[in-house]
1. Which pairs do you get when a residue that is in contact (Cβ under 8 Å) with a residue 24 or more places away in the chain, found in the stretch B:8-35, comes within reach of a residue that is assigned to a helix (DSSP H, G or I) and among the small types (Gly, Ala, Ser), reach meaning Cβ atoms under 7 angstrom, with the pair 6+ apart or on two chains?
2. Could you tell me whether any residue of the stretch B:75-85 is in contact with a helix residue (DSSP H, G or I) (Cβ under 7 Å, 6 or more places away or on another chain) and basic (Lys, Arg)?
3. Looking at the stretch A:176-226 only, could you name the residues that are among the charged types (D, E, K, R) and in contact (Cβ under 8 Å) with a residue 12 or more places away in the chain?
4. Among the residues of the stretch A:17-65, which ones are small (Gly, Ala, Ser) and surrounded by fewer than 20 Cβ atoms within 10 Å (Cβ to Cβ)?
5. Count, please, the residues in the stretch A:247-276 that happen to be more than 30 Å from A:MET165 (Cα to Cα), free of Cβ contacts under 8 Å to residues at least 60 places away in the same chain and aliphatic (A, V, I, L, M).
6. With respect to B:LEU83, determine if the residue is under 20 Å from A:ASP109 (Cα atoms), buried (at least 21 other Cβ atoms within 10 Å of the Cβ) and touching a strand residue (DSSP E or B) at 6+ places or on another chain (Cβ under 9 Å).
7. Spot the failing condition for A:ALA13; the list is (1) surrounded by 14 or more Cβ atoms within 10 Å (Cβ to Cβ); (2) in contact with a helix residue (DSSP H, G or I) (Cβ under 7 Å, 6 or more places away or on another chain); (3) not in a helix (DSSP H, G or I), and only one is missed.
8. From the residues in the stretch A:22-68 that are in a loop (DSSP other than H, G, I, E, B) and of a type in the set (Gly, Ala, Ser), which one is farthest from the other protein chains (Cβ to nearest Cβ)?
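Taken together, the values in this text are just the output of simple stated rules run on the coordinates, not laboratory data. For clarity, every value in this text was computed on a predicted model and none was experimentally measured. Heads up, the Cβs are rebuilt from the backbone with ideal geometry, glycines too, and the neighbour counts pull from every protein chain shown.
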Amino acid sequence: MMRLALDPVDIPAVQAWLEDWAARGWYLETYGRNLVSFARGERREHIRYRLQPTGREGGEPDQDTREAYREMGWTYVCSTVGSRNLGGVRTEFHIWRCEDPAAPELDTDQTLREEAYGDLLRRGWRNIWLGVPLAAAALALMLWLVWDRPRGYLLDLRTSSTPLMLCCHGLLVLHLISRSVRLIRFTRQLRRQEPAPQRTPWGWARARVWVFQGLYVLILVVMIANLFRPYDSRPYLPVSRYDRPVPCVSLAELGTPAAGEARAVEFRSVWAKSTWWTAEGSYDASPWCEAEYYSLRFPSMAENLEEQLLRRWSFVIDIGGHPEVRASVPGAGSARYWREYVELLAEFQ
Amino acid sequence: MARQPLKSLTESMFYVLLALWRQERCGTEIAAYVRQLTAGRVTLGPGTLYAILGKFQEEALIKESWSQGRMRVYRITENGRALFRREMENMRRCVGDGQREMREEEEV
């Protein structure tokens, strides 16, 4: 049987979780980074599981150590996976099981136990001092790319994937911080010689795992969805196919003979309540008309959007000898176009 | 960062050195001896015991004298005896100071 792995730094919660499974007749076999496997056995009370930090060298305990521990009632089960890299798997905790209620605890000296967490603790602090600023910088870079990238801003108005990714990224940074904080809090408890509990309720630890594994899955799904169905591939449909008014500028409204029925596509996203792109005629043949309509959730974004739109159509504006023509478009505060190209830039309020 | 040499002993460390003071013992014998000597007040779990034995070997306070199969037998070194005597002296002073204070309080 497989289950989502609790974060091993929730040490007493993980111990209680494994003991509760053993009481139901399921015994730990492997503890992976994401999944834990259990094997069916007989139901037994008073089984103890203990997590022991592996130290800097990682790896697994050698046969002599396993034998020595077994003589004192403790059996090696497996080691948790801390990280994977080109050098292989780096383990984080050894997991030991004891079936003899009379056997001593695995660690009986609080000072030595705290020392054993030294390496994990150093990594915890390193995650906070290095990982968090790096993650924050990455978050800032993503935000900057969304707001300042010439075309990115326009693209991101049509999809919710970027804000979704930003939220997920932010939550994962919080997860990284919270993991280190929990570890630091646990070792401080040992350092203060306070009795560290061997068992704590594991409901919160499990909820946290579901939330963060869910975030990873969500990120993966969004990435795959964008890969296989980019938002640019959505079809334009004739305006008459829509059962609601389409904010569409037609060639007729611009004083040019119509070139068939206008077509439109609608997008909805976190940023814009409604985004319409409409087109009339063929891109390769004149006359041709294209219009974009954005109803933004945050009016402060409008200024940036206008700047991005102007930058996008700068190739038309920059060509000399094509006078800008002011136009009157229903619903638009102001509109201007370049007749030679039959392009229209309308500013909706 | 350079590792700090051992300056003081925890209670478990003290009893491990004491267990080896008069005779060589293996890990399980040390644990059994300490439990018996302290009437169960001090127990040594395998995590603690083997961490101490590893640390003491690094500090040359004990040595592996012989092994048979997977059983390893340890003996205390002169460094270990010196550290143990120093620790005993410190504890004797602590107890002496405490007793003097308590006696003076009783006389008052």
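1. Partner pairs satisfying both residue conditions: B:LEU17/B:GLY80; B:ARG25/B:ALA19; B:GLY27/A:ALA68; B:ILE30/B:ALA19.
2. The answer is no; no qualifying residue exists.
3. Within the stretch A:176-226, the subset among the charged types (D, E, K, R) is A:179, A:182, A:185, A:188, A:191-192, A:194, A:199, A:206, A:208.
Answer for the stretch A:176-226, where residues must be among the charged types (D, E, K, R) and in contact (Cβ under 8 Å) with a residue 12 or more places away in the chain: A:ARG179, A:ARG182, A:ARG191, A:ARG199, A:ARG206, A:ARG208.
4. Within the stretch A:17-65, the subset small (Gly, Ala, Ser) is A:22-23, A:25, A:32, A:37, A:39, A:41, A:55, A:58-59.
Of everything in the stretch A:17-65, those that are small (Gly, Ala, Ser) and surrounded by fewer than 20 Cβ atoms within 10 Å (Cβ to Cβ) turn out to be A:ALA23, A:GLY25, A:GLY32, A:SER37, A:ALA39, A:GLY41, A:GLY55, A:GLY58, A:GLY59.
5. Of the residues in the stretch A:247-276, 4 are more than 30 Å from A:MET165 (Cα to Cα), free of Cβ contacts under 8 Å to residues at least 60 places away in the same chain and aliphatic (A, V, I, L, M).
6. Working: under 20 Å from A:ASP109 (Cα atoms): yes; buried (at least 21 other Cβ atoms within 10 Å of the Cβ): yes; touching a strand residue (DSSP E or B) at 6+ places or on another chain (Cβ under 9 Å): no.
When the stated conditions are applied, B:LEU83 does not pass them.
7. Result: A:ALA13 fails condition (3) only.
8. Within the stretch A:22-68, the match that is farthest from the other protein chains (Cβ to nearest Cβ) is A:GLY25.
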